[in-house]
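> I'd like to ask you about the structure that follows.
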Amino acid sequence: MTISPSLPEKAYWLALNKVNGIGATRFATLLNTLGSAEAAWGASIRQLQEAGLDRRSLESLLVARQKLDLQAEWDRYQRSGFSAVTLLDDNY
C-alpha cells in the first residue's frame, strides 16, 4: 500500500474512484466515517468494514492498494491537463 505524505488529498480521491464497488454513496460514507480519502485509503480492514464496505468492495480496495502506484497516478493526472473537482474544492 502506498501512502505518501507528499501527495495531496485529491490524489486519494482519484485513487478511490478507481476502485470497483466504491461509488458515490460508499465514497461519502467512507469520508464521513474515516474523515478523509487518505484515511480511507490507509484504513484497516476492520475500519473499512465498520464504515460499511461489503466484502466485494473491500476486496477491490485491498487489491487496488496493492496495485496502484499513487505517485505515478498523481503524476499522470497532473500531466493530463484535466482538472478534477471534489466536494472540498471551492469551485465545486
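> Taking the stretch 63-92 only, how many residues are of a type in the set (A, V, I, L, M) and open to solvent by 50 Å² or more (accessible area, probe 1.4 Å)? Step through it out loud before you land on a result.
Looking only at the stretch 63-92, we keep the residues that are of a type in the set (A, V, I, L, M), and these are 63-64, 68, 70, 72, 84-85, 87-88.
Retained after the next criterion (residues that are open to solvent by 50 Å² or more (accessible area, probe 1.4 Å)): 63, 85, 87-88.
So the answer is 4.
> Is at least one residue of the stretch 42-59 in a helix (DSSP H, G or I), closer than 16 Å to residue 88 by Cα, open to solvent by less than 50 Å² (accessible area, probe 1.4 Å) and of a type outside the set (Lys, Arg)? So that I can check it myself, show each step before the final result.
Within the stretch 42-59, the first condition is being in a helix (DSSP H, G or I), and the residues that meet it are 42, 45-50, 55-59.
With closer than 16 Å to residue 88 by Cα added as a condition, the list becomes none.
Scanning the stretch 42-59 turns up no residue that is in a helix (DSSP H, G or I), closer than 16 Å to residue 88 by Cα, open to solvent by less than 50 Å² (accessible area, probe 1.4 Å) and of a type outside the set (Lys, Arg).
> What are the residue pairs meeting all of these: first residue in the stretch 59-80, first residue farther than 15 Å from residue 12 by Cβ, second residue surrounded by fewer than 17 Cβ atoms within 10 Å (Cβ to Cβ), Cβ atoms under 7 Å, and 6 or more apart or on different chains?
Listed by first residue and then by second, the contacts come to 60/20; 60/21; 66/1.
> Next question, about the same structure. Here is a check on your reading of the model: is residue 62 farther than 22 Å from residue 88 by Cα and not in a helix (DSSP H, G or I)? Write out each step before concluding.
Values: farther than 22 Å from residue 88 by Cα: yes; not in a helix (DSSP H, G or I): no.
When the stated conditions are applied, residue 62 does not pass them.
> I've got another one for you. Condition first: β-branched (Val, Ile, Thr), part of a helix (DSSP H, G or I) and open to solvent by less than 20 Å² (accessible area, probe 1.4 Å). Now tell me which residues in the stretch 7-41 satisfy that.
Step one: of the stretch 7-41, the residues β-branched (Val, Ile, Thr) are 19, 22, 25, 29, 33.
Subset that is part of a helix (DSSP H, G or I): 25, 29, 33.
None - no residue of the stretch 7-41 is β-branched (Val, Ile, Thr), part of a helix (DSSP H, G or I) and open to solvent by less than 20 Å² (accessible area, probe 1.4 Å), so the list stays empty.
> Shifting gears a bit: If I ask for residues that are part of a helix (DSSP H, G or I) and either within 15 Å of the chain's Cα centre (by Cα) or among the polar types (S, T, N, Q) (or both), which ones from the stretch 66-92 would you list? Working first, answer last.
Quick first cut of the stretch 66-92, residues part of a helix (DSSP H, G or I) only: 66-67, 70-80.
Passing the criteria: 66, 67, 70, 71, 72, 73, 74, 77, 78, 80.
The values are calculated or read from the model by the stated rules, or taken from the named source; none is laboratory data. Quick caveat, the model's predicted, so the values are computed rather than measured. In this analysis, Cβ positions are derived from the backbone assuming ideal geometry, glycine residues included, and neighbour counts consider all displayed protein chains. Heads up: the accessible areas ignore ligands, DNA and RNA and are worked out on the full protein's heavy atoms, side chains in. Shrake-Rupley method; radii C 1.70, N 1.55, O 1.52, S 1.80 Å.
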